[in-house]
């Protein structure tokens with residue numbers, strides 16, 4: 001006979017499973033929407049070429065070049081999302097091992113410093129003074145940190161990456177300029193209905209070349225999907241993702257990748 005304690009534990013497990021399934025459904029819905037953006041850009045540019053709306057052969061070549069760039073960015077999005085899916089279903093199990101954060105963080109810095117400089121972001125990476133190891137997948141940790149930092153650069157004037165040791169845990173922390181409540185809302189609303197306005201083709205106009213170029217430049221994962229990717233991937237590599245308000249500064253937050261020690 002099932003005891004009240006066992007029944008409560010089963011109910012809790014069931015509720016957690018339902019929450020996980022809702023999150024994954026929302027992740028899929030948001031992913032589908034964000035992949036539509038580059039597809040619509042490509043279709044719109046091809047439509048302009050096929051309908052002879054280009055003013056010159058040079059403009060037609062420009063549209064073709066932008067279409068190619070949009071296709072390459074779309075492939076990059078596919079690769080990133082497919083990698084998370086393969087990790088989640090176990091097709092590509094993580095390579096778990098002792099990872100020295102003193103080696104991982106300089107690699108992350110190398111891949112993010114130039115983007116921060118181009119956006120005039122004051123970006124600092126504080127390496128641990130002593131060797132700190134966590135048991136995880138180094139490649140996935142590096143890719144997750146890079147994605148979070150590249151997204152944070154867009155709305156930060158100052159950005160800091162550092163390691164914090166706690167009781168039986170290590171946190172790799174990204175300090176950025178955005179309220180934690182706003183970031184948590186982005187993550188919680190991953191399953192919200194998407195705006196159908198993104199499904200419209202571009203209209204032919206005098207400034208279409210500029211508009212289409214901006215559309216191509218803006219092809220990237222949204223903040224919500226970047227956070228959701230970290231939220232999904234970190235437990236699979238023995239970590240946990242957390243968003244916390246800065247203890248001493250309003251409007252700033254800590255994005256934390258936490259690992260037991």
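General remarks:
- Test: residue 123 is surrounded by 14 or more Cβ atoms within 10 Å (Cβ to Cβ) and over 25 Å from residue 224 (Cα atoms): no
- Qualifying positions in the stretch 106-123 - in contact with a strand residue (DSSP E or B) (Cβ under 6 Å, 6 or more places away or on another chain) and closer than 17 Å to residue 138 by Cα: 109
- On the stretch given as the stretch 150-169, residues that are modelled with pLDDT of 95 or more and in contact with a helix residue (DSSP H, G or I) (Cβ under 9 Å, 6 or more places away or on another chain) total 4.
- Taking the listed residues 87, 101, 48, 28, the one that is at pLDDT 85 or above and surrounded by 13 or more Cβ atoms within 10 Å (Cβ to Cβ) is 101, with no other qualifying.
- Residues in the stretch 221-255 that are free of Cβ contacts under 8 Å to residues at least 12 places away in the same chain and under 26 Å from residue 139 (Cβ atoms): 235 only.
- Count - residues of the stretch 129-168 that are touching a strand residue (DSSP E or B) at 6+ places or on another chain (Cβ under 6 Å), within 14 Å of residue 233 (Cβ to Cβ) and in a helix (DSSP H, G or I): 2
- Only a single item in (1) farther than 17 Å from residue 258 by Cβ; (2) modelled with pLDDT under 90 is not met by residue 94, and it is number (1).
The values are calculated or read from the model by the stated rules, or taken from the named source; none is laboratory data. Note that the structure is a prediction, hence the values are computed from the model and not measured. In this analysis, Cβ positions are derived from the backbone assuming ideal geometry, glycine residues included, and neighbour counts consider all displayed protein chains.
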